[in-house]
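Below is one structure, written out as structure tokens; comments come after it.
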């Protein structure tokens with residue numbers, strides 16, 4: 001059964017995806033990864049702890065030149081695969097946005113991987129929300145305010161949960177403090193996958 005909570009303006013839809021829907025989503029993501037393999041982005045500070053790929057017109061790319069959206073995989077040079085219909089259906093149901101997402105960022109967390117507090121602000125249209133889908137191991141999700149430093153709160157995201165950052169929370173700082181390894185058996189090899197849907201242009 002789905003329940004909803006709010007964390008500094010972010011909507012958290014707990015239990016949005018049931019076990020069968022989660023398994024179907026993982027199967028769709030296997031096809032994405034077969035065309036666009038996971039890679040480890042490198043920033044000016046060094047390699048990120050997450051591995052990453054994407055689907056849609058754009059992928060978000062990080063390297064020593066900075067952060068940006070690109071229309072091709074940085075290692076294969078091939079266009080990103082299409083966003084699976086199973087993922088688009090979630091966006092259509094929860095986003096409240098008439099525009100279709102142009103990027104589905106896929107982050108893989110394993111081991112000690114985490115994501116520091118950051119803003120999603122490389123997009124052109126902040127009227128469209130960011131929609132985040134959790135699969136696999138539980139993760140401690142932290143959401144702050146638009147301005148930093150500011151008070152923040154956290155909640156455990158479980159497999160099948162969906163978070164929506166829109167309205168005043170669209171530019172809120174957010175991140176993943178840690179992942180509870182072994183808390184889910186959904187993914188072969190363990191870990192957590194987070195899908196982040198965004199309108200880019």
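Tabulated data for the structure shown
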quantity: Gain on full stretching of the segment that runs from residue 188 to residue 21 - 0.36 nm per residue minus C-alpha separation; calculated: 58.5 nm
quantity: Relative contact order %, the chain, counting alpha carbon pairs below 8 Å whose residues are six or more apart; calculated: 26
quantity: Alpha-carbon Rg/Rh ratio, for the range 1-121, with Rh computed the Kirkwood way; calculated: 0.97
quantity: Unit Cα scatterers, Debye sum, the range 52-200: log10 I(q)/I(0) for q = 0.13, 0.20, 0.21 Å⁻¹; calculated: -0.58, -1.42, -1.52
quantity: Relative contact order of the range 19-123, pairs being alpha-carbon contacts under 8 Å that are 6 or more residues apart, as %; calculated: 29
quantity: Cα gyration tensor shape of the range 119-201, rounded if a/c is under 1.5, else prolate or oblate by comparing a/b with b/c; calculated: oblate
quantity: Range of Cα positions in the range 148-194 per principal axis (Å), largest first; calculated: 36, 20, 13
quantity: Full-stretch length increase - residue 5, residue 42 - with 0.36 nm per residue and alpha-carbon distance subtracted; calculated: 9.9 nm
quantity: Label point at residue 146 placed 7 Å out along Cα→Cβ; residues across the range 154-188 whose backbone nitrogen lies under 14 Å; calculated: 166-173
quantity: 114, 121 arranged by Cβ crowding within 10 Å, fewest neighbours leading; calculated: 121, 114
quantity: GNM flexibility winner over the chain from 56, 77, 160 (Cα, springs under 10 Å); calculated: 77
quantity: Approximate spin-label separation residue 177-residue 112, in nm, with each point projected 7 Å along Cα-to-Cβ; calculated: 1.8
quantity: Segment residue 88-residue 35, extension gain: residue separation times 0.36 nm, minus the distance between their alpha carbons; calculated: 17.2 nm
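Taken together, the values in this text are just the output of simple stated rules run on the coordinates, not laboratory data. None of the values given here were measured: they were computed from a predicted structure. Reconstructed Cβ throughout: ideal geometry from the backbone, glycine too, with neighbour counts over all protein chains shown.
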